[in-house]
1. For segment 24-53, give me the residue count where each residue is in contact with a helix residue (DSSP H, G or I) (Cβ under 7 Å, 6 or more places away or on another chain), surrounded by fewer than 14 Cβ atoms within 10 Å (Cβ to Cβ) and within 12 Å of residue 65 (Cβ to Cβ).
2. Looking at segment 102-112, which of its residues are in contact with a helix residue (DSSP H, G or I) (Cβ under 9 Å, 6 or more places away or on another chain) and either buried (at least 19 other Cβ atoms within 10 Å of the Cβ) or more than 14 Å from residue 75 (Cβ to Cβ) (or both)?
3. Please determine whether any residue of segment 59-80 is under 21 Å from residue 125 (Cα atoms) and without any contact (Cβ under 8 Å) to a residue 24 or more places away in the chain.
4. When segment 213-238 is examined, which residues are found to be under 25 Å from residue 180 (Cα atoms), surrounded by fewer than 21 Cβ atoms within 10 Å (Cβ to Cβ) and either in contact with a helix residue (DSSP H, G or I) (Cβ under 6 Å, 6 or more places away or on another chain) or modelled with pLDDT of 95 or more (or both)?
5. Looking at the structure I just gave you, is residue 82 part of a helix (DSSP H, G or I) and at pLDDT 95 or above?
6. For segment 159-211, give me each residue that is touching a residue at least 60 places away in the same chain (Cβ under 8 Å), closer than 20 Å to residue 52 by Cα and part of a loop (DSSP other than H, G, I, E, B).
7. Among (1) touching a residue at least 40 places away in the same chain (Cβ under 8 Å); (2) out of contact with any strand residue (DSSP E or B) (no Cβ under 8 Å at 6 or more places or on another chain); (3) farther than 14 Å from residue 118 by Cα, which single condition is residue 26 missing?
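The values are calculated or read from the model by the stated rules, or taken from the named source; none is laboratory data. Source: prediction; values computed, not measured. Positions of Cβ are generated from backbone atoms using ideal geometry, with glycine treated the same way; all protein chains shown enter the neighbour counts.
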C-alpha cells in the first residue's frame, strides 16, 4: 500500500511538472497574440555573402517568446479603438485594407507606433538576434525548406507578389497562409518586413557581444527583418535586413510581438 501511495505521489508530481512545462510552450497576451516559446541556444548570425550583413558570428540567445503570426489589422484596430489612436493609412492598392481585411498583417505603421503597441499588449519588439534565431527555425541553411540556394519552391513558402505556386496574392497575404517554419512561426520570410528593436550600425557585428546582443545604444535608423511582398526572392534569407528612420511608414512593413521568458 505504501509503495502504491509513493508511486502515485511521484506520478502526480511528474504530471504537474509536465503540465507546467507544456504551459510554457505558448502564451497569450491581451491583444490576442499567441507567442511561441523559443528555447535558449546559439547560432551563426549574419552572413559573409554580403558586406552589410557580415561578418557571420556566433551568438547565444536566452529563451524568449515570439508571435506565431505578424500583428494583424484586427488586433491593431482594437488597440487603436482602446487608446484613441488614428487608424493606419490604407495602401494605394486597397482603399479598404485596414477595416476590410482583418486577418491581414497591419502595414503603414512606423517603428514608434509598433513599439507603443507591443508595450501596450504586454510585450516588446524582438531584438534582431532573437528574430533571426527564431526565423531560422533551428536550421543552418539559407532557407529552412530547401538549402543554400533560391529556386522555384520559394513560392510555396513565401508571399512574393503572386509569383506562382501557393503564392496567389499580388500584395500582402492573410497571416498564416504559408507553411510555418520548424518553430511553428508563420511568415518569418516574405509578406511584410518586420520592425525589430535594434538601431542600425554598419560595423555593429564586428563589436557586438556574443550573448544576447541588443544592437547599438543609438542611431539614426531602425532595423527590419524578413523581406516583404515586393522584394526579390533572393532577399528572403534570415540574415537579410533593411533599415529606415523610425518615423517611416510603408505598405510592405509590419511587425510581430515578442516577450522575455523570465
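1. Matching residues across segment 24-53 total 0.
2. Once the filter is applied, which keeps residues that are in contact with a helix residue (DSSP H, G or I) (Cβ under 9 Å, 6 or more places away or on another chain) and either buried (at least 19 other Cβ atoms within 10 Å of the Cβ) or more than 14 Å from residue 75 (Cβ to Cβ) (or both), segment 102-112 yields 104, 105, 106, 107, 108, 109.
3. There is at least one residue in segment 59-80 that is under 21 Å from residue 125 (Cα atoms) and without any contact (Cβ under 8 Å) to a residue 24 or more places away in the chain.
4. Correct list: 233 only.
5. For residue 82, the condition - part of a helix (DSSP H, G or I) and at pLDDT 95 or above - is met.
6. Once the filter is applied, which keeps residues that are touching a residue at least 60 places away in the same chain (Cβ under 8 Å), closer than 20 Å to residue 52 by Cα and part of a loop (DSSP other than H, G, I, E, B), segment 159-211 yields 202, 208, 210.
7. Single failed check for residue 26: (2).
Let's see how each residue does on (1) over 14 Å from residue 252 (Cα atoms); (2) surrounded by 15 or more Cβ atoms within 10 Å (Cβ to Cβ):
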site	(1), (2)
66	yes, yes
69	yes, yes
81	yes, no
91	no, yes
